[in-house]
Amino acid sequence: MYQPAAGARHTASEATMCKAWVLDQAQAESFFRLSKPLREGERHDFDWLPCSIKGRLRESGREWAFEINAAGTSAWIDGEETRSFGCSQAQCEPLVILMPDPAAQ
């Protein structure tokens, strides 16, 4: 899904990049397995891209809506509860478009 930030200019190259980025179920599962929960303030260690993949998952008997951002973060949402995750491990590099800057962490 390509969704530029409100007020951001749409670029064809950015839209093409987002449309080319796909994860199959096994890759999404790998992304989640390699990710770690983000504590308050840690989200700022990651960039943001207007590319995301949305879906649903089941974990410990709960069904969550998820969104993976192409810059290495994800959010799981179930009603009022949101869990944030980030992947900065080298194994995540083939699963995202932009890895976090190691100097920022």
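The values are calculated or read from the model by the stated rules, or taken from the named source; none is laboratory data. Note that the structure is a prediction, hence the values are computed from the model and not measured. Glycine also receives a Cβ, built like all others from the backbone with ideal geometry; neighbour counts cover every protein chain displayed.
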### Task
Could you please tell me which pairs satisfy a Cβ distance under 6 Å, a separation of 6+ or placement on different chains, a first residue in region 30-42 that is under 15 Å from Cys92 (Cβ atoms), and a second residue that is of a type in the set (Ser, Thr, Tyr)?
Leu38/Ser84
### Task
Within region 54-91, track down each residue that is surrounded by 12 or more Cβ atoms within 10 Å (Cβ to Cβ), of a type in the set (A, V, I, L, M) and out of contact with any Ser or Thr (no Cβ under 9 Å at 6 or more places or on another chain).
Leu57, Ala65, Ala71, Ile77
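Listed here are the residues, each with its yes/no results for (1) modelled with pLDDT of 90 or more; (2) in contact with a helix residue (DSSP H, G or I) (Cβ under 6 Å, 6 or more places away or on another chain); (3) closer than 24 Å to Arg9 by Cα.
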site: Lys36; (1), (2), (3): yes, no, no
site: Gly41; (1), (2), (3): no, no, no
site: Lys54; (1), (2), (3): yes, no, yes
site: Arg58; (1), (2), (3): yes, no, no
site: Ala90; (1), (2), (3): yes, no, no
site: Glu93; (1), (2), (3): yes, no, no
site: Ile97; (1), (2), (3): yes, no, yes
### Query
Is it fair to say Gly7 is surrounded by fewer than 16 Cβ atoms within 10 Å (Cβ to Cβ), in a strand (DSSP E or B) and not polar (S, T, N, Q)?
no
### Query
If you take the residues in region 55-105 that are over 12 Å from the mean Cα position of the chain (by Cα) and of a type in the set (Gly, Ala, Ser), which one is nearest to Ser35 (Cα to Cα)?
Ala90
